[in-house]
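Report on one structure; see the data block that follows.
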Amino acid sequence: MADFDVIIIGAGPGGYVCAIRAAQLGLKVAVVEGRETLGGTCLNVGCIPSKALLNATHQLHEVHENFEKMGLMGAHPTVDWAKMLSYKDDVISGNTKGIEFLFKKNKVTWLKGWGTIPAAGQVKVGDEVHTAKHIVIATGSEPASLPGVTVDEKTIVTSTGALTLASVPKSMVVIGAGVIGLEMGSVYARLGAEVTVVEYLDAITPGMDAEVAKAFQKILTKQGIKFVLGAAVQGAEVGEAGAKVSYKLRKDDSAHEIAADVVLVATGRKPYTAGLGLEALGVEMLPRGQIKTDDHFATNVKGLYAIGDAITGPMLAHKAEDEGMALAEIMAGKHGHVNYGVIPGVVYTTPEVASVGATEEQLKDQGRAYKVGKFSFMGNARAKAVFQAEGFVKILADKETDRILGAHIIGPAAGDLIHEVCVAMEFGASAQDLALTCHAHPTYSEAVREAALACGDGAIHA
Ligand code: NAI
């Protein structure tokens with residue numbers, strides 16, 4: 001008899017969700033986690049702390065930009081950075097303790113320490129070897145390194161260091177216009193830093209619907225963020241004060257330098273699987289460092305599975321969670337499934353940007369006949385009332401069947417609004433199905449309905 005039915009390595013969103021679901025389904029579960037707290041990168045140094053700082057700085061921006069317009073006069077608040085960081089830390093500990101509580105409630109054992117897999121069916125933590133019928137690797141990812149750039153997490157930082165800077169920098173260079181760069185760049189721009197984003201490609205947020213990405217860049221530029229696009233960063237060096245980033249413009253190969261107090265390297269993440277003993281076990285890997293799995297998250301080693309950032313697919317907490325739940329069902333003898341066609345993506349800037357399904361570029365590439373329904377938040381009374389009317393909703397639907405193929409939203413609460421489209425897509429809905437659904441007035445969600453109406457006979461308020 002094995003010690004456990006399931007041992008999961010890693011207590012991030014993939015691992016802890018898998019553990020809770022597996023326990024709910026009657027399995028005896030342990031999770032190996034070496035951090036002092038549960039929750040992985042997302043809760044400790046990722047999604048959650050960044051949202052706390054985004055919230056605080058968004059509120060600050062609101063006070064400065066909009067309060068007087070609403071007749072709210074008086075002294076503007078100043079930033080107590082140490083206090084803001086401690087607010088962020090409180091948010092982290094509230095959430096990590098919440099998972100500890102859920103583990104106790106569901107009788108999930110926390111094996112504290114870093115795990116290795118000495119042989120199939122075994123996990124070693126410290127000096128102890130535990131056995132399990134199923135082992136799940138949910139070890140997540142780490143920042144990818146950039147040649148010529150040495151991170152010290154003080155002056156040249158990754159997203160982790162960007163959450164604990166000693167003070168608010170006067171200037172910041174962000175390398176990479178992806179999600180991390182733009183979210184953290186927004187935080188520091190709102191705190192008064194001069195932020196310049198240097199990006200290799202000619203557009204920001206690779207993979208995003210191009211029309212939305214363009215609108216997004218325009219809005220961020222208006223907020224004071226500078227962009228240098230088509231620029232390949234060659235290196236970054238710490239100097240006496242701050243750091244210097246050198247880059248080459250791709251169009252003419254010209255060399256440039258830019259100095260800043262702090263440099264944030266946000267050029268992607270890579271699977272974190274070092275030290276698990278996968279090579280000795282003979283686990284098949286993919287060329288880009290991910291663990292190779294089949295449709296049921298199984299590796300080539302019997303009883304060994306992997307989920308989340310350690311395997312292929314978007315590196316998103318909710319994708320890992322869904323995989324964790326599906327795998328728990330599979331290990332319990334049920335039929336777990338993830339619909340990779342309906343995984344939303346959200347950028348938590350102001351305005352938020354959210355998307356699900358195909359982009360217009362993907363549909364063009366597929367040679368698919370489609371129609372576009374668009375609606376600007378300028379026509380949404382609620383958005384106008386709260387000075388959030390920048391942006392639009394764009395719905396892409398099949399030209400013949402009207403079935404929704406994708407949706408892209410830039411605007412207020414986009415990260416929440418996207419989910420009505422996700423549900424609609426899960427049910428194979430047409431744009432007309434959304435358009436015929438009564439939406440409360442006045443809500444931002446009416447903009448989604450209007451975009452759906454625009455796929456048919458037209459929006460009302462356009
Ligand atoms: P990313 O892959 O989203 O973006 C990296 C950017 O860096 C790309 O635009 C790339 O072209 C650029 N780049 C790469 N090398 C470069 C060079 N030498 N010079 C200039 N630019 C260069 O990566 P990011 O932002 O680091 O995020 C990592 C992962 O974490 C992503 O998978 C992201 O989806 C996930 N994440 C998701 C969040 C969310 O859902 N809100 C928040 C934060 C991270």
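The values are calculated or read from the model by the stated rules, or taken from the named source; none is laboratory data. Owing to the predicted nature of the structure, the values given are computational and were not obtained by experimental measurement. Cβ placement follows ideal geometry from the backbone for every residue including glycine, while neighbour counts extend to all protein chains displayed. These area figures cover heavy atoms from the full protein model, side chains too; ligands, DNA and RNA do not enter into them. Shrake-Rupley method; radii C 1.70, N 1.55, O 1.52, S 1.80 Å.
Tabulated data
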read-out: Rg and Dmax of the range 229-325, Cα atoms only, in Å; value: 19.4, 54
read-out: Ellipsoid semi-axes in whole angstrom, largest first, where each is sqrt(5λ) of the Cα gyration tensor of the chain; value: 37, 30, 22
read-out: Free-standing Cys, the chain [no other Cys Cβ under 4.7 Å]; value: CYS18, CYS422, CYS438, CYS455
read-out: Accessible area in the full protein assembly, largest first, 1.4 Å probe, for HIS296, HIS439, HIS318; value: HIS296, HIS318, HIS439
read-out: Whichever aspartates and glutamates have a C-alpha closer than 16 Å to that of LYS302, once near sequence neighbours (fewer than 8 apart) are set aside; value: ASP5, GLU279, GLU284, ASP294
read-out: Antiparallel %, DSSP beta bridges [both residues in the chain], to 5; value: 60 percent
read-out: Label point distance in nm, LYS248-LYS270, each placed 7 Å from Cα along Cα→Cβ; value: 2.1 nm
read-out: Neighbour cut-off at most 16 other Cβ (10 Å), DSSP loop, chymotrypsin sites (Phe, Trp or Tyr not before Pro), the range 352-394; value: PHE387
read-out: 222 nm mean residue ellipticity, helices alone, for the chain (DSSP H n ≥ 4; -39,500 (n - 2.57); rounded to 500); value: -9500 deg cm²/dmol
read-out: Loop sites in the range 84-134: trypsin sites (Lys or Arg not before Pro), DSSP, at most 13 other Cβ within 10 Å; value: LYS107
read-out: Additional length obtainable on full extension of the chain from LYS384 to THR401, 0.36 nm per residue less Cα span; value: 2.8 nm
read-out: Estimated dipole of the range 156-267 in Debye, rounded to 20 [Cβ of Lys and Arg +1, of Asp and Glu -1, Cα centre]; value: 240 debye
read-out: Radius, Kirkwood style, for the range 342-454 when every pair of distinct Cα atoms is counted (Å); value: 13.7 Å
read-out: Shape call, the range 156-267: gyration tensor on alpha carbons, a/c limit 1.5; value: oblate
read-out: Filter on LYS28/LYS292; LYS226/LYS384; LYS28/LYS319; LYS218/LYS394; LYS270/LYS394 - keep pairs with C-alpha separation over 29 Å; value: LYS270/LYS394
read-out: Net charge over other residues, Cβ less than 12 angstrom from the Cβ of ILE343 (K, R count +1; D, E count -1); value: -3
read-out: Bins of 10 Å, starting at 0 and running to the largest distance - Cα pair percent for the range 249-295; value: 17, 29, 20, 20, 14
read-out: Under the Karplus curve 6.51 cos²θ - 1.76 cosθ + 1.60, θ = phi - 60°, whole-Hz ³J(HN,Hα) for the range 100-111, x wherever Gly or Pro sits; value: 4, 4, 5, 4, 5, 4, 9, 6, 8, 7, 9, 8
read-out: Anisotropy class of the range 272-330 from Cα gyration tensor, a/c 1.5 cut; value: oblate
read-out: Net length gained if the chain between GLU36 and VAL423 were fully extended (0.36 nm per residue, minus Cα distance); value: 135.6 nm
